[in-house]
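Report on the following structure.
The values are calculated or read from the model by the stated rules, or taken from the named source; none is laboratory data. Values in this document were obtained by computation on a predicted structure and should not be read as measured data. Positions of Cβ are generated from backbone atoms using ideal geometry, with glycine treated the same way; all protein chains shown enter the neighbour counts. When the accessible area is computed, the model is the full protein with side chains, heavy atoms only, and any ligands, DNA or RNA have been set aside. Shrake-Rupley method; radii C 1.70, N 1.55, O 1.52, S 1.80 Å.
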Amino acid sequence: MSSRSASGATMRAFHRMWADLEEVGLDGSTGGYRRFAWTRTDHDLREWFAGECAARGLDVTTDRVGNQWAWWGDPDAAVAAGEPGVVVGSHLDSVVDGGAFDGPLGVVSGLAAIDALRERGVVPRRPVGLVSFVDEEGARFGTTCAGSRVVTGSLSADRARALRDATGTTMAEAISRFGGRPDDLGRDDEALARVGAFVELHVEQGRVLDVLGRPVGVGSDIWPHGRWRIDVPGMANHAGTTALDEREDAMLGLAAAVIAARQAAQERGCLATVGKVDVAPGGVNAIPSSVTCWLDARGPEASSVRDVVDDVRDVVAEFDALVTEEWWDAATSFDDGLTRRIADLLDDAPLIATGAGHDAGVMAGAGVPTAMVFVRNPTGVSHSPDEWATTDDCLAGVAALTAVVDDLVGDCAA
Ligand SMILES: [Zn+2]
């Protein structure tokens, strides 16, 4: 067995934790997970995380937005000494009917890595932190990485508090009902100062590693991406009595937008998706009086992504539609030195760029030296019950994360 293989105890701990989480938030009818922020399921996941940390003697604190941080070692003494800790972790929430791996793999692997380090008798020179970010997927309030964005200040407390879920509940109300304090929301410099480096392990959301035949890779950067709302006006009328040339059918603008987005993305080497639509009045026999849809666009170059949106804007202008930017994240590069160091450590692990957003991207954007480790997903599918990683690959991920933390906490150069 190589030094990179998980020991029997680590394997057993990994399996037990994975089994613990298997039923939490599982929807029996779809086979997918519904783990949304500030719900009963979120509560259960937080209790589970706190319990696992307590069982390891790790102190858990909650920051101003509700992200959970566990520490092995004293993070504040390390800040005072000018050598803040090395943090691993990810998130436990899911999209609607998400898979089991996106998020939890990073949290469970972090716990297993701490077990493995202890088993080896490692005494960290810098504290080791484990974070579970709240509301990464934005499944409930529509804004991804809300926990990391608020804590780093890139999402203002006022804007976060006012976000509404599908039932009209604001984030502030949801946090209150959860027993939290929405007034506390805001950038948390104390929590951030403790993070000297952040490494997020995540299941790959594509098949690059599968094609390369490698179980583990390292993130290079996150593509620039954004979200735009497209409002198409129309006029409601009877589907059976209104002549075609007398209609102002908002749905035609939607159709044009979807086709234009696809075409522009193809021409410009980007990705574009229209995945959410609101139609009014929403009757089978009524001509739509308005359609609102959301365009998600991403690509390797910011200018190309902007060009895709401009192309769509030009096409829908013919329908008097309005295109409004709701969110824009510039490209995020992970820390060069840290990334190279990790790739070298992991036998020249391949570097992977990703179009998916992550808390790691938000942390990197806030100036925290950050890196990502990806675990092979043979289906390439994510945000779906088909998301997958073999147990061997998950354990290879644990071993990789263990090696990374071992390397970093023994040396303050990171
Ligand atoms: Zn994720």
Identify all residues within the stretch 333-353 that are open to solvent by 20 Å² or more (accessible area, probe 1.4 Å) and of a type outside the set (Lys, Arg); write none if there are none.
-> Ser333, Asp335, Asp336, Gly337, Asp344, Leu345, Asp347, Asp348, Pro350, Leu351, Ala353
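Based on this model, can you work out whether Gly138 counts as surrounded by fewer than 24 Cβ atoms within 10 Å (Cβ to Cβ), within 16 Å of the ligand (Cβ to nearest atom) and within 12 Å of the chain's Cα centre (by Cα)? Steps first, please.
Working: surrounded by fewer than 24 Cβ atoms within 10 Å (Cβ to Cβ): yes; within 16 Å of the ligand (Cβ to nearest atom): yes; within 12 Å of the chain's Cα centre (by Cα): yes.
Answer is yes for this residue.
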Failed condition for Arg126, given (1) more than 16 Å from the ligand (Cβ to nearest atom); (2) surrounded by 24 or more Cβ atoms within 10 Å (Cβ to Cβ), with all others met?
-> (2)
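Please find, within the stretch 277-309, the residue that is farthest from Gly253 (Cα to Cα) out of those that are acidic (Asp, Glu) and in contact with a strand residue (DSSP E or B) (Cβ under 9 Å, 6 or more places away or on another chain).
Narrowing the stretch 277-309 to residues acidic (Asp, Glu): 278, 296, 301, 307.
Filter once more, keeping what is in contact with a strand residue (DSSP E or B) (Cβ under 9 Å, 6 or more places away or on another chain): 278, 296.
On the way: Asp278: 13, Asp296: 17 Å.
Here the answer is Asp296.
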Which residue pairs have Cβ atoms under 7 Å apart, sit 6 or more places apart or on different chains, and have a first residue in the stretch 351-366 that is of a type in the set (Ser, Thr, Tyr) and a second that is open to solvent by less than 20 Å² (accessible area, probe 1.4 Å) and within 11 Å of the ligand (Cβ to nearest atom)?
-> none
Return yes or no: is Ser148 under 20 Å from Arg40 (Cα atoms), open to solvent by less than 20 Å² (accessible area, probe 1.4 Å), of a type in the set (S, T, N, Q) and touching a Phe, Trp or Tyr at 6+ places or on another chain (Cβ under 8 Å)?
-> no
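Just one of Ser90, Ser94 is surrounded by 19 or more Cβ atoms within 10 Å (Cβ to Cβ) and in contact with a Leu (Cβ under 9 Å, 6 or more places away or on another chain); which is it? Steps first, answer last, please.
Details: Ser94 fails: in contact with a Leu (Cβ under 9 Å, 6 or more places away or on another chain).
Going through Ser90, Ser94 in turn, just one is surrounded by 19 or more Cβ atoms within 10 Å (Cβ to Cβ) and in contact with a Leu (Cβ under 9 Å, 6 or more places away or on another chain): Ser90.
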Which of the following residues is more than 15 Å from the ligand (Cβ to nearest atom), farther than 30 Å from Ser29 by Cβ and either part of a helix (DSSP H, G or I) or not small (Gly, Ala, Ser) (or both): Val362, Val398?
-> Val398
Give just the number: which of (1) open to solvent by 20 Å² or more (accessible area, probe 1.4 Å); (2) within 16 Å of the ligand (Cβ to nearest atom); (3) of a type outside the set (D, E, K, R) does Ser156 not satisfy?
-> (2)
Qualifying residue in the stretch 208-219 (condition: modelled with pLDDT under 95 and either out of contact with any strand residue (DSSP E or B) (no Cβ under 7 Å at 6 or more places or on another chain) or not in a strand (DSSP E or B) (or both)) | no
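Picking from Arg64, Arg16, which residue would you name as being under 22 Å from the mean Cα position of the chain (by Cα), over 16 Å from Gly103 (Cβ atoms) and open to solvent by 60 Å² or more (accessible area, probe 1.4 Å)?
Numbers: Arg16 fails: under 22 Å from the mean Cα position of the chain (by Cα).
None of the others qualify; the one that does is Arg64.
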Inspect the stretch 185-198 for any residue being assigned to a loop (DSSP other than H, G, I, E, B) and within 16 Å of Phe36 (Cα to Cα) and give the result as yes or no.
-> no
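Can you name the residue in the stretch 183-208 that is closer than 16 Å to Val375 by Cα and within 16 Å of the ligand (Cβ to nearest atom) and is also most open to solvent (accessible area, probe 1.4 Å) among such residues? First the steps, then the outcome.
Looking only at the stretch 183-208, we keep the residues that are closer than 16 Å to Val375 by Cα, and these are 199-208.
Filter once more, keeping what is within 16 Å of the ligand (Cβ to nearest atom): 199-206.
On the way: Val199: 1, Glu200: 0, Leu201: 1, His202: 2, Val203: 0, Glu204: 8, Gln205: 57, Gly206: 17 Å².
The qualifying residue most open to solvent (accessible area, probe 1.4 Å) is Gln205.
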Checking His383 against (1) under 25 Å from Gly147 (Cα atoms); (2) buried (at least 22 other Cβ atoms within 10 Å of the Cβ), which single condition isn't satisfied?
-> (2)
If you go through the stretch 48-70 one residue at a time, do you hit one that is closer than 24 Å to Thr30 by Cβ and either out of contact with any Gly (no Cβ under 6 Å at 6 or more places or on another chain) or small (Gly, Ala, Ser) (or both)?
-> yes
Scanning the stretch 86-130 for residues that are on the phi > 0 side of the Ramachandran plot, of a type in the set (Gly, Ala, Ser) and in contact with a Ser or Thr (Cβ under 7 Å, 6 or more places away or on another chain) gives Gly89, Gly103
Has the stretch 180-192 got any residue that is modelled with pLDDT of 95 or more and over 24 Å from the mean Cα position of the chain (by Cα)?
-> yes
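From Trp48, Trp38, Trp71, grab the single residue that is open to solvent by 30 Å² or more (accessible area, probe 1.4 Å) and of a type in the set (Phe, Trp, Tyr).
Values: Trp38 fails: open to solvent by 30 Å² or more (accessible area, probe 1.4 Å); Trp71 fails: open to solvent by 30 Å² or more (accessible area, probe 1.4 Å).
Trp48 is the lone residue from the list that is open to solvent by 30 Å² or more (accessible area, probe 1.4 Å) and of a type in the set (Phe, Trp, Tyr).
Within the stretch 252-273, take every residue that is open to solvent by 40 Å² or more (accessible area, probe 1.4 Å) and either among the β-branched types (Val, Ile, Thr) or touching a strand residue (DSSP E or B) at 6+ places or on another chain (Cβ under 6 Å) (or both) and give me the one that is farthest from Ala321 (Cα to Cα).
First, the residues of the stretch 252-273 that are open to solvent by 40 Å² or more (accessible area, probe 1.4 Å): 252, 255, 258-259, 262-263, 266-269, 271, 273.
Imposing the further condition that a residue be either among the β-branched types (Val, Ile, Thr) or touching a strand residue (DSSP E or B) at 6+ places or on another chain (Cβ under 6 Å) (or both) reduces the set to 258-259, 271, 273.
On the way: Val258: 13, Ile259: 15, Leu271: 22, Thr273: 18 Å.
Filtering the stretch 252-273 for residues that are open to solvent by 40 Å² or more (accessible area, probe 1.4 Å) and either among the β-branched types (Val, Ile, Thr) or touching a strand residue (DSSP E or B) at 6+ places or on another chain (Cβ under 6 Å) (or both), the one farthest from Ala321 (Cα to Cα) comes out as Leu271.
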Just a yes or no: is a residue in the stretch 97-116 within 13 Å of the ligand (Cβ to nearest atom), part of a loop (DSSP other than H, G, I, E, B), open to solvent by 10 Å² or more (accessible area, probe 1.4 Å) and under 25 Å from Ser156 (Cβ atoms)?
-> no
Given the conditions (1) of a type in the set (D, E, K, R); (2) over 26 Å from Gly99 (Cα atoms); (3) touching a residue at least 24 places away in the same chain (Cβ under 8 Å), report the number of the one that Asp245 does not fulfil.
-> (3)
